[in-house]
Amino acid sequence: MKNRIIIVGRPNVGKSTLFNRIIGRRKSIVYDLPGVTRDIIESEAEWKGKRFIVADTGGIFERGGELFKSIEEEVKKNLSDAKAILFVVDAKEGLTEADRYVAKMLYPYKEKVFLVVNKVDNEKLQRQAYDFYSLGFDRVFLVSAQHGRGVDELLSAVCDLL
Ligand code: GDP
Ligand code: MG
């Protein structure tokens, strides 16, 4: 299937939680410890009649500065193959160096990046999301993967690109 959506971001921002919410069941393991999802986990999903594959990434995007050449190639292949890239960050933790590192890796694919500011569980937390606009991505969505807040709007926008 050509419609492949890939979820990336530093450890512990809620990638697997978002993945599970999109596919509507628990397939990817959510842990409080960073870096638990080692490989890429994929699932078919459907949203308002549109079918796509969604991929949850762990290890390959979580090595920070020490990306080995072979892994870097794999990362690039996954990014260029994807129709949309969901770049997840954590509003509660705020903007980190690791986020900036991932952002840099994603700039060449900017046109299909959706910056997903996660853990915006309520309106009060919205103001904590402002910093992330400085990363320079056009599409920014404030969501709570855990509670489902904002996920509909995100998926509608993503599906417009498929
Ligand atoms: P990953 O490492 O990026 O895959 O992150 P996980 O999906 O495993 O989640 C890491 C932690 O963040 C877990 O404790 C989740 O329960 C928590 N988490 C995920 N989404 C949300 C959210 O929307 N709000 C809050 N408050 N916590 C969340
Ligand atoms: Mg995970």
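The values are calculated or read from the model by the stated rules, or taken from the named source; none is laboratory data. Note that this is a predicted model, so its numbers are computed, not measured. No Cβ is skipped: glycine too gets one built from the backbone with ideal geometry, and neighbour counts run over all protein chains shown.
For every residue, the table says whether it meets (1) closer than 17 Å to I7 by Cβ; (2) polar (S, T, N, Q); (3) at pLDDT below 85.
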position	(1), (2), (3)
W47	yes, no, no
I53	yes, no, no
T57	yes, yes, yes
S80	yes, yes, no
G94	no, no, no
A98	yes, no, no
A103	yes, no, no
R127	no, no, no
R139	yes, no, no
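Given (1) in a strand (DSSP E or B); (2) modelled with pLDDT of 90 or more, identify the lone condition not met by K110.
Failed condition: (1).
Considering only residues that are under 14 Å from E42 (Cβ atoms), near ligand 1 (Cβ under 8 Å from one of its atoms) and surrounded by fewer than 23 Cβ atoms within 10 Å (Cβ to Cβ), which ones fall in the range 1-20?
Correct list: N20 only.
With respect to the numbered conditions (1) within 14 Å of ligand 1 (Cβ to nearest atom); (2) at pLDDT below 85; (3) of a type in the set (D, E, K, R); (4) more than 15 Å from the chain's Cα centre (by Cα), which one is the sole condition not fulfilled by E62?
(4)
Cβ-Cβ under 7 Å, sequence separation 6+ or interchain: first residue in the range 86-99 and within 15 Å of ligand 2 (Cβ to nearest atom) and in a strand (DSSP E or B), partner basic (K, R) and at pLDDT below 95. Which pairs?
Pairs found: V88/K15.
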